[in-house]
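Reading through the structure tokens given below for one structure.
The values are calculated or read from the model by the stated rules, or taken from the named source; none is laboratory data. Because the structure is a prediction, the values reported are computed rather than measured. Please note: Cβ atoms are built from the backbone with ideal geometry, for glycine as well, and neighbour counts cover all protein chains shown.
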Amino acid sequence: MTDQNETPETRVSLKQLYKIFGDDPETAMEHVRNGLSKADLLDQHNHVLGLNDINIDIPDGKMTVIMGLSGSGKSTLIRHLNLLIRPTDGEIEVDGENILNYSEAQLRTLRQQKMSMVFQKFGLLPHRTVLENAGMPLAVRGFSKSEWAEQARKWLNRVGLDGQENQHPNQLSGGMQQRVGLARALTSNAPIMLMDEAFSALDPLIRTDMQNLLLELQEELQKTVVFITHDLDEALKLADKLVILKDGFIVQQGEPQRILLEPADAYVEEFITDINRARVLRVRSVMRTGADPKSSSGRVEAIGADDTLESALAKAKGDTSVCFKVERGGKVVGQLDMTDLVRALVPSAPPEDGNTARKVA
Amino acid sequence: MATYDTLFQALGLKDWCDSSASSAPMSMSDLVSKSSGDGAEQQTSLWNTPFPSLDTLNDACPAMPQSRAVTKGLEEGFLNIKDSLKVVLDPATQPLSWMLDGALYAMLSTPWWLVIPAILMIVWAVSRSAGLVAFVAVSFGGLAFIDQYDYAIQTLSIILVCAFLCVLIGVPIGILMSRSNGLRRAIIPVLDMLQTLPPFVYLIPLIFLFSVTESKLFGIAIILYAIVPVVRLTDLGIRLVDKDVIEAADAFGMSRHQKLFGVQIPLALPNIMAGVNQTIMMSLAMVVIASLVSAPGLGVLVLRGIRNLELGVGLVAGLGIVLLAVILDRVTKAALARINTTHQH
């Protein structure tokens, strides 16, 4: 597509990752290599194929969202990144080093300094105060109390928890507890942040708040974020790169706009049918590049490349003959007329009676 | 002829039986049947066939050992290893004697007007409850008023020393159990045995091993009996710590040591304290029984009440024990409640 930014460096790379749960994963792995399916493996050998040939390059400084329904293996997958779960086969490279070869001490250093994590159930220490919880990553590394307290206070203020330092986690609401979890991850100052369904346990309104907070922080900090979710709206809102997982294998991965415009198969299509495409698709994804807006019949309106189609529709104010000139940083980069816009709003393969796609699921 | 003669004949063991006629002394029933003089053969019906026990088989074949050989063998075996066991156990347990004697001496030689306020201050420090302090004051005052003070203090110091040692030994064992399923499988049967063995049975081998004048004799009995709950509940408490919290600790790179002292033990503390409470209550139960082997304290009076049928003495001492039990229970429960509230903040 038209998103031709320089390709960012790969920070974490998963190569041919397999995870099999059961008594004898090695033998089961042989069967999988010989082409046994997940269902047959469960039937014949009573082993569960959790992850199946996962290859993902996680770009530096971007937000990679891994999406799937429950049971798709997404939480298992994220726990492989800091080896809370070890894979049955495959490689996990962080900054070019295969962390599977790490000693216990090296692995601890990796977890302390390179990766932080935010959990669905918060995982806060109930017997410690909010400040102590937020400062925990630095305290673990042996920093003095004055050092970690200063950092912890800074990040607690940043996530909007000033004045709550001496509370205990149980005295806070769920949303506030997750802010502590986020502050804790930020205090560790690790460049990679793993977020396991971090906002799934929160109310919708608070979830939106937290998403906006995360986007705001990401704008400023440019961390490498791996975000797990089962919610497509959340995934599309946050993702620079989207990976769709189903039954332990990757159905499709890439830029979210591209997935929306060119779904790989019926499963992805079915996923995206309920999406408000006007709100998610950006002008840059559907515009014609280069050409100057033809000064034909209608009005010409200026619009930003990263604006959504919804805002383009609002600008058109019902005028179907309007033509947009698409601008980025003051330069005209393309044009968009209403016909293209409306075409983009139609799902790529509309289900005939609205039921066929649903039956697949 | 005995019932199982034919069996040995069928097996072709008759010669072996006769060749080594046992020189074991006659059992009482043998003597009775002999003296009653009816050597006549009794035909036993199928209905009355005795179970082929060692004694019955011995009737048929003198070469078979009698049942009393089992108890006798156990006894002899124990007596044989006793001396070598003492070489190891005596020095290893000597500090226990010193601790018990020291505690008894210190508590009894300190005047009552220091001991009672000190106890009240400790109660206040752990429980922060004025009501409880008043209750303890009244109880000790009452006990002292009817001249039970010395006995009560003796019982109390034995319990405190033994419970302290139980915690000192039991908590690390519990921690190790929580870390290794193999060790847990090995230790649980031992704990089950310690818990179900009747309290009197603890005393039997100990009497053989140590002299009755040594305090460690009852010290060991009390510790063995009372250590079980604190071990079990430490193990359970650590295993019950929220998996999500442990995962978070792992994800931020905590070492095993940091995890144990920073997360697992603090979060298991309510359970561990429940174990300490149980341990203290069980040492109180045992300290009474241990008066049989010269443990001083209220138990001695109970024993006197039983032996001499001194109803009043026994009952008063019994009530004193109840008072001590209530005090210890309330104080440890109050401490436990305080831990729980700091956790639930």
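Per-structure values
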item: Residues within region A:103-126 that are of a type in the set (Gly, Ala, Ser), surrounded by fewer than 19 Cβ atoms within 10 Å (Cβ to Cβ) and outside any loop (DSSP other than H, G, I, E, B), tallied; result: 1
item: Residue match in region A:100-118 (condition: farther than 28 Å from B:Pro270 by Cα, out of contact with any Lys or Arg (no Cβ under 6 Å at 6 or more places or on another chain) and among the β-branched types (Val, Ile, Thr)); result: yes
item: Hey, A:Asp231 surrounded by fewer than 22 Cβ atoms within 10 Å (Cβ to Cβ) and under 14 Å from the mean Cα position of the chain (by Cα) or not; result: yes
item: All positions within region A:287-304 that are at pLDDT 70 or above and among the charged types (D, E, K, R); result: A:Arg288, A:Arg299, A:Glu301
item: Residues within region A:34-74 that are among the small types (Gly, Ala, Ser) and within 20 Å of A:Lys114 (Cβ to Cβ), tallied; result: 1
item: Check on A:Lys74, basic (Lys, Arg), under 30 Å from A:Arg141 (Cα atoms), within 14 Å of chain B (Cβ to nearest Cβ) and out of contact with any helix residue (DSSP H, G or I) (no Cβ under 9 Å at 6 or more places or on another chain); result: no
item: Condition met for B:Ala290 (within 14 Å of another protein chain (Cβ to nearest Cβ), buried (at least 24 other Cβ atoms within 10 Å of the Cβ) and either over 19 Å from the mean Cα position of the chain (by Cα) or in a helix (DSSP H, G or I) (or both)); result: no
item: All positions within region A:214-249 that are without any contact (Cβ under 8 Å) to a residue 24 or more places away in the chain and small (Gly, Ala, Ser); result: none
item: Single condition A:Asp306 does not satisfy, out of (1) touching a residue at least 24 places away in the same chain (Cβ under 8 Å); (2) surrounded by 15 or more Cβ atoms within 10 Å (Cβ to Cβ); result: (2)
item: Of the criteria (1) assigned to a helix (DSSP H, G or I); (2) under 26 Å from B:Phe208 (Cα atoms), which one B:Gln66 fails; result: (1)
item: Unmet requirement for A:Ala149, which otherwise passes all of (1) in contact (Cβ under 8 Å) with a residue 12 or more places away in the chain; (2) of a type outside the set (Ser, Thr, Tyr); (3) touching a Lys or Arg at 6+ places or on another chain (Cβ under 9 Å); result: (3)
item: A:Leu124 vs. criteria out of contact with any strand residue (DSSP E or B) (no Cβ under 6 Å at 6 or more places or on another chain), away from every other protein chain (no Cβ under 14 Å) and in contact (Cβ under 8 Å) with a residue 12 or more places away in the chain; result: no
item: Check on B:Met26, outside any loop (DSSP other than H, G, I, E, B) and either under 24 Å from the mean Cα position of the chain (by Cα) or at pLDDT below 80 (or both); result: no
item: Residue match in region B:302-322 (condition: at pLDDT below 95, surrounded by fewer than 22 Cβ atoms within 10 Å (Cβ to Cβ) and closer than 16 Å to B:Gly170 by Cβ); result: no
item: Residue tally, condition within 7 Å of chain A (Cβ to nearest Cβ) and either of a type in the set (Gly, Ala, Ser) or within 32 Å of the chain's Cα centre (by Cα) (or both), over region B:252-262; result: 2
item: Options B:Val190, B:Val228, B:Val241, B:Val138: the member that is buried (at least 22 other Cβ atoms within 10 Å of the Cβ) and over 20 Å from B:Leu303 (Cα atoms); result: B:Val228
item: Scope region A:81-120; condition within 13 Å of chain B (Cβ to nearest Cβ), touching a residue at least 40 places away in the same chain (Cβ under 8 Å) and farther than 16 Å from A:Val225 by Cβ; matching residues; result: A:Ile85, A:Gln112, A:Gln113
item: Any hit, region A:34-50, residues being closer than 23 Å to A:Leu221 by Cβ and touching a Lys or Arg at 6+ places or on another chain (Cβ under 8 Å); result: no
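Condition check ((1) modelled with pLDDT of 90 or more; (2) in a helix (DSSP H, G or I); (3) within 14 Å of chain A (Cβ to nearest Cβ)) across all residues:
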residue	(1), (2), (3)
B:Val230	yes, yes, no
B:Val241	yes, no, yes
B:Asp250	yes, yes, yes
B:Pro266	yes, yes, yes
B:Pro270	yes, yes, yes
B:Leu284	yes, yes, no
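Rundown of residues vs (1) more than 11 Å from chain B (Cβ to nearest Cβ); (2) surrounded by 19 or more Cβ atoms within 10 Å (Cβ to Cβ); (3) part of a helix (DSSP H, G or I), yes/no style:
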position	(1), (2), (3)
A:Arg128	no, no, no
A:Glu147	yes, no, yes
A:Ala152	yes, yes, yes
A:Asn170	no, no, yes
A:Arg179	yes, yes, yes
A:Ala185	no, yes, yes
A:Asn189	yes, no, no
